[in-house]
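*Asks:* Submitted below is the structure of interest, expressed as structure tokens.
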Amino acid sequence: MRNIIKKPEVLAPAGNLEKLEIAVRYGADAVYIGGQAYGLRSRAGNFTYVEMKEGVRFAHARGAKVYVAANMVGHEGDDEGAGDFFRTLKEIGIDAVIISDPGFITICMEEAPGLAVHLSTQASATNYKALQFWEQEGVERVVLAREVSLEEIREIRKNTGMEIEAFVQGAMCISYSGRCVLSNHMANRDANRGGCAQSCRWKYDLFENDGAGILTAGGEPFSMSAVDLTMIHHVPELIEAGVGSFKIEGRMKSIHYVSTVANVYRAIVDAYCEDPGHFVFDPAWEEEIWKVAQRELATGFYFGEPDARQQLFGRPRKIPKYTFAARVLDYDPATKIATLEQRNHFAAGEEVEFYGPGFSRFTQTIRKLWDEDGKCIERAPNALMTVKTITDHPVKPYDLMRIRKMPVSTARFSNFPVQAPSE
């Protein structure tokens, strides 16, 4: 008799309403968003209450959930209005709030009883005793610290029935659980209250005093930041260890990123849970992830302490580059003509790839282009302009189109680190 596998949630970032809709359409079981206050992404699109209502309506109609990140570290006065904020989220129908500050947790539970609280990764929960404590406080789920290993997750799971969420894809903060003051000192922007300037990703030089008071630069510029995280090759281990929610980082990333990563994790999770005993990793999933990779990839802390290979310094390897070019608005099966909304410049004669939910995709050359008035054009240079083209295969509204800017070669993933494809 086959063991019943509990399918984990695929949780995607949504920096604005369009990203929320794309994430859900491309397979996310839930999305996390930010409000106009109390979060850690002040430069993300963030949501007004009106947009939250629309997002909740859209997600719930499709069986998905919406969480709101309110995970800032509160100073005196930062809690002003928090009670009204949480009460409004409950009235809107938000499924849970993600909080790190005990003060905000208390306010939420007192002012909006029944609104589920998820403990943010900023709180650095790294052991089962911590989860037992937060469970007693009424927290329903813990987003584990990114420093927790897979073996530690197994131990945590054995000792608590609490919901476990863990990051599986995206940027990794170089500081412990994201608590950093570099940005405060270097840019006067408080990272723990939503203003991170990502100082760790700046390029730095070492200088030598030559004795005459003159400083000279030496060596290759480097940063203090980590490469990005991916766990696409280890979905079975994560599920078996007891992770119930797979979190994708990136509320400030594009719909190209959100759609692609959600699509990949949806495909892997479904394939494994459908038949764990015969699960085989499809190389196409790996190929797809590299199409939106911005940096090299590795497995973070899951299989041990990261070493220098997981830090960004020296000359970066070339990574295949794809540009998000258009979104499909409509398709006429009789004429095979797709109506597109331009997002980046593209032209007739270029090879493009169309892709959509359910891991559908195909490549073709753009042979002809017409503007919305039916005039034949050579290129689509204007932002958000409407154009038409013939497609080799049927497409659907909300399918996306991208252009390959660099040649792709096969990459092999390893636990530590994951190397970028070579050219």
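*Asks:* Could you check how many residues of region 236-275 are open to solvent by 10 Å² or more (accessible area, probe 1.4 Å), small (Gly, Ala, Ser) and not in a loop (DSSP other than H, G, I, E, B)?
*Replies:* Summing the residues that are open to solvent by 10 Å² or more (accessible area, probe 1.4 Å), small (Gly, Ala, Ser) and not in a loop (DSSP other than H, G, I, E, B) in region 236-275 gives 2.
*Asks:* Give Glu155, Glu137 a once-over and let me know the one that is over 19 Å from the mean Cα position of the chain (by Cα), under 14 Å from Ala241 (Cα atoms) and free of Cβ contacts under 8 Å to residues at least 60 places away in the same chain.
*Replies:* On the way: Glu137 fails: under 14 Å from Ala241 (Cα atoms).
Of Glu155, Glu137, the one residue that is over 19 Å from the mean Cα position of the chain (by Cα), under 14 Å from Ala241 (Cα atoms) and free of Cβ contacts under 8 Å to residues at least 60 places away in the same chain is Glu155.
*Asks:* What pairs come out if I take residues in region 269-284 that are touching a residue at least 40 places away in the same chain (Cβ under 8 Å) and pair them with residues that are part of a loop (DSSP other than H, G, I, E, B) whose C-beta lies under 6 Å away, six or more apart or interchain?
*Replies:* Tyr272/Phe279; Cys273/Ile5; Cys273/Lys7; Pro276/Ile5
*Asks:* Give me the pairs: first residue in region 68-82 and on the phi > 0 side of the Ramachandran plot, second residue of a type in the set (A, V, I, L, M, F, W, C), beta-carbon distance under 8 Å, and six or more apart or on different chains, which are they?
*Replies:* Close Cβ pairs (under 8 Å, with a partner that is of a type in the set (A, V, I, L, M, F, W, C)) amount to Gly81/Ala37.
*Asks:* Another question, if that's okay. So Phe301 passes all but one of these: (1) closer than 24 Å to Lys388 by Cβ; (2) in contact with a Lys or Arg (Cβ under 9 Å, 6 or more places away or on another chain); (3) in contact (Cβ under 8 Å) with a residue 40 or more places away in the chain. Which condition number does it fail?
*Replies:* All conditions are met except number (1).
*Asks:* Name the single residue, out of those in region 367-423 being among the aliphatic types (A, V, I, L, M) and open to solvent by 50 Å² or more (accessible area, probe 1.4 Å), that is modelled with the lowest pLDDT.
*Replies:* Within region 367-423, the first condition is being among the aliphatic types (A, V, I, L, M), and the residues that meet it are 369, 377, 380, 383-385, 387, 390, 395, 400-401, 403, 406, 408, 411, 418, 420.
From what is left, the residues that are open to solvent by 50 Å² or more (accessible area, probe 1.4 Å) are 383-384, 390, 408.
Working: Ala383: 93, Leu384: 96, Ile390: 97, Val408: 45.
The extreme case among them is Val408.
*Asks:* For region 304-349, which positions are of a type in the set (Ser, Thr, Tyr), within 12 Å of Met401 (Cα to Cα) and either at pLDDT 95 or above or surrounded by fewer than 15 Cβ atoms within 10 Å (Cβ to Cβ) (or both)?
*Replies:* Taking region 304-349 and keeping what is of a type in the set (Ser, Thr, Tyr), we get 322-323, 331, 335, 339.
The next check asks that each one be within 12 Å of Met401 (Cα to Cα); those that pass are 322-323, 339.
Hit for region 304-349 is Thr339, nothing else.
*Asks:* Evaluate the following for Leu131: is it at pLDDT 95 or above, assigned to a helix (DSSP H, G or I), out of contact with any Ser or Thr (no Cβ under 9 Å at 6 or more places or on another chain) and open to solvent by less than 10 Å² (accessible area, probe 1.4 Å)?
*Replies:* Values: at pLDDT 95 or above: yes; assigned to a helix (DSSP H, G or I): yes; out of contact with any Ser or Thr (no Cβ under 9 Å at 6 or more places or on another chain): no; open to solvent by less than 10 Å² (accessible area, probe 1.4 Å): yes.
For Leu131, the condition - at pLDDT 95 or above, assigned to a helix (DSSP H, G or I), out of contact with any Ser or Thr (no Cβ under 9 Å at 6 or more places or on another chain) and open to solvent by less than 10 Å² (accessible area, probe 1.4 Å) - is not met.
*Asks:* May I pose another question? For region 168-195, give me each residue that is modelled with pLDDT of 65 or more, among the aliphatic types (A, V, I, L, M) and more than 29 Å from Val235 (Cβ to Cβ).
*Replies:* Hits for region 168-195 are Val181, Leu182, Met186, Ala187.
*Asks:* Considering each of Ser199, Ser245 in turn, give the residue that is among the hydroxyl-bearing types (Ser, Thr, Tyr) and modelled with pLDDT of 85 or more. Before you say what the answer is, go through the steps one by one.
*Replies:* Details: Ser199 fails: modelled with pLDDT of 85 or more.
Criteria check complete, one pass: Ser245.
*Asks:* Could you count how many residues in region 202-213 are at pLDDT 70 or above and in a loop (DSSP other than H, G, I, E, B)? Reasoning before the result, please.
*Replies:* Looking only at region 202-213, we keep the residues that are at pLDDT 70 or above, and these are 202-205.
Cutting the leftovers down to in a loop (DSSP other than H, G, I, E, B) gives us 202-203.
Within region 202-213, residues that are at pLDDT 70 or above and in a loop (DSSP other than H, G, I, E, B) number 2.
*Asks:* Regarding Lys6, is this residue over 22 Å from Phe104 (Cβ atoms) and either hydroxyl-bearing (Ser, Thr, Tyr) or open to solvent by 60 Å² or more (accessible area, probe 1.4 Å) (or both)? Reasoning before the result, please.
*Replies:* Numbers: over 22 Å from Phe104 (Cβ atoms): yes; either hydroxyl-bearing (Ser, Thr, Tyr) or open to solvent by 60 Å² or more (accessible area, probe 1.4 Å) (or both): yes.
In short, yes.
*Asks:* Could you run through region 1-58 and say how many residues are over 24 Å from Gly244 (Cβ atoms), modelled with pLDDT under 95 and in contact with a helix residue (DSSP H, G or I) (Cβ under 6 Å, 6 or more places away or on another chain)?
*Replies:* Summing the residues that are over 24 Å from Gly244 (Cβ atoms), modelled with pLDDT under 95 and in contact with a helix residue (DSSP H, G or I) (Cβ under 6 Å, 6 or more places away or on another chain) in region 1-58 gives 0.
*Asks:* Tally time: how many residues in region 345-366 are part of a strand (DSSP E or B) and under 20 Å from Ala28 (Cα atoms)? Talk me through it step by step, then tell me what you get.
*Replies:* Step one: of region 345-366, the residues part of a strand (DSSP E or B) are 346-347, 351-356, 360-365.
Next, from what is left, pick out any that are under 20 Å from Ala28 (Cα atoms): 354-356, 360-361.
Total meeting the criteria: 5.
*Asks:* Would you check if Lys19 is surrounded by fewer than 22 Cβ atoms within 10 Å (Cβ to Cβ) and not in a strand (DSSP E or B)? Step through it out loud before you land on a result.
*Replies:* On the way: surrounded by fewer than 22 Cβ atoms within 10 Å (Cβ to Cβ): no; not in a strand (DSSP E or B): yes.
Spelling it out, it is not the case that Lys19 is surrounded by fewer than 22 Cβ atoms within 10 Å (Cβ to Cβ) and not in a strand (DSSP E or B).
*Asks:* Conditions first: (1) within 25 Å of Ile268 (Cβ to Cβ); (2) touching a residue at least 24 places away in the same chain (Cβ under 8 Å); (3) open to solvent by 40 Å² or more (accessible area, probe 1.4 Å). Tyr355 passes all but one, so which condition is the exception?
*Replies:* (3)
*Asks:* Determine the pairs where a residue that is within 24 Å of Cys196 (Cβ to Cβ) and of a type in the set (D, E, K, R), located within region 240-262, has a partner that is surrounded by fewer than 22 Cβ atoms within 10 Å (Cβ to Cβ) and modelled with pLDDT under 95 with Cβ atoms under 7 Å apart, the partner being 6 or more residues away or on another chain.
*Replies:* Final answer for the pair search is Glu249/Gly170; Glu249/Ala171; Arg251/Arg41; Arg251/Ala44.
The values are calculated or read from the model by the stated rules, or taken from the named source; none is laboratory data. On a predicted model such as this, the values are computed, not experimentally measured, just so you know. Ideal geometry is used to build each Cβ from the backbone, glycine not excepted, and the neighbour counts take in all protein chains shown. Surface areas here come from the heavy atoms of the whole protein model, side chains and all, with no ligands, DNA or RNA. Shrake-Rupley method; radii C 1.70, N 1.55, O 1.52, S 1.80 Å.
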